[in-house]
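First comes the structure, then the notes that go with it.
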Amino acid sequence: MIRIEPDAWEVMVAEGRRTFPNECCGAMLGDVEDGVKIVRVAMPLRNSFSGSQATFYELSKDDFLSADREAGRLNLNVIGFYHSHPDHDAYFSASDLQHSCPWYTYVVLSIRRGEFDHANSWLPDPDAGKAEKEELIY
C-alpha cells in the first residue's frame, strides 16, 4: 500500500496539469511505516525524452541522482516515481514496464483535457514481465 500526503499529492496533480498535453514525471520521497509507503514529498523532474513527450517520458541519470540527494538531505528515501498519461487511463504500459525497477513504486496519473481524472499505483515484478496494481491512498 502507498499513501501520498496531501501536499505531495497536490504537487503531483499540479505538475500533470502544467505539462499537459505532455507527460510529467517526478520522484516520490518518503518512508515506510508498518509496511505502508508514505510519500511526503513529490519532486517534479524534467522529462528529458527528445521525442514526443505526449506519449513518453524519460528521466536523466542526473535527475535520478538529484532525487536521491534530495531524499538524503530530507532524511527520506526515494519511494518511487510518478508520471502522467495525457488523455489516457492510468495504466502501466509496456514501455513503462520495460523502463521500471522492481524496488520502486510507480504512480500513473490520468490527466484528461488538462484535468486530473484518476490514478493508479504499480509494482513491477523483478523480471519486468508484469506489474501488479498496488493500493493507493491520496
Would you pick out the residues in the stretch 1-31 that are among the small types (Gly, Ala, Ser) and under 11 Å from the mean Cα position of the chain (by Cα)?
GLY16, GLY26, ALA27
Residues of the stretch 120-138 being surrounded by 13 or more Cβ atoms within 10 Å (Cβ to Cβ) and among the charged types (D, E, K, R), which ones?
GLU134
Just one listed residue, out of LEU74, LEU45, LEU29, LEU65, is more than 18 Å from ASN120 (Cα to Cα) and buried (at least 18 other Cβ atoms within 10 Å of the Cβ), and it is LEU45
What tally of residues in the stretch 92-119 results from selecting those that are surrounded by fewer than 14 Cβ atoms within 10 Å (Cβ to Cβ) and either assigned to a loop (DSSP other than H, G, I, E, B) or at pLDDT below 95 (or both)?
8
Name the single residue, out of those in the stretch 16-48 being free of Cβ contacts under 8 Å to residues at least 24 places away in the same chain and in a loop (DSSP other than H, G, I, E, B), that is nearest to GLN98 (Cα to Cα).
SER48
Filter result for ARG46 (at pLDDT 95 or above, farther than 15 Å from SER84 by Cβ, basic (Lys, Arg) and over 11 Å from the mean Cα position of the chain (by Cα)):
no
Output the residues belonging to the stretch 61-81 that are closer than 11 Å to LEU29 by Cα and among the aromatic types (Phe, Trp, Tyr).
PHE81
VAL78, sole failed condition from (1) of a type in the set (A, V, I, L, M, F, W, C); (2) in contact with a Lys or Arg (Cβ under 7 Å, 6 or more places away or on another chain); (3) under 15 Å from LEU59 (Cα atoms)
(2)
Of the residues GLU58, GLU23, which is within 22 Å of PRO124 (Cα to Cα), surrounded by 14 or more Cβ atoms within 10 Å (Cβ to Cβ) and either β-branched (Val, Ile, Thr) or at pLDDT below 95 (or both)?
GLU58
Condition check for ARG40: surrounded by 15 or more Cβ atoms within 10 Å (Cβ to Cβ), over 12 Å from the mean Cα position of the chain (by Cα), within 19 Å of ILE111 (Cβ to Cβ) and at pLDDT 95 or above
no
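The values are calculated or read from the model by the stated rules, or taken from the named source; none is laboratory data. Being a predicted model, the structure only gives us computed values, none of them experimental. In this analysis, Cβ positions are derived from the backbone assuming ideal geometry, glycine residues included, and neighbour counts consider all displayed protein chains.
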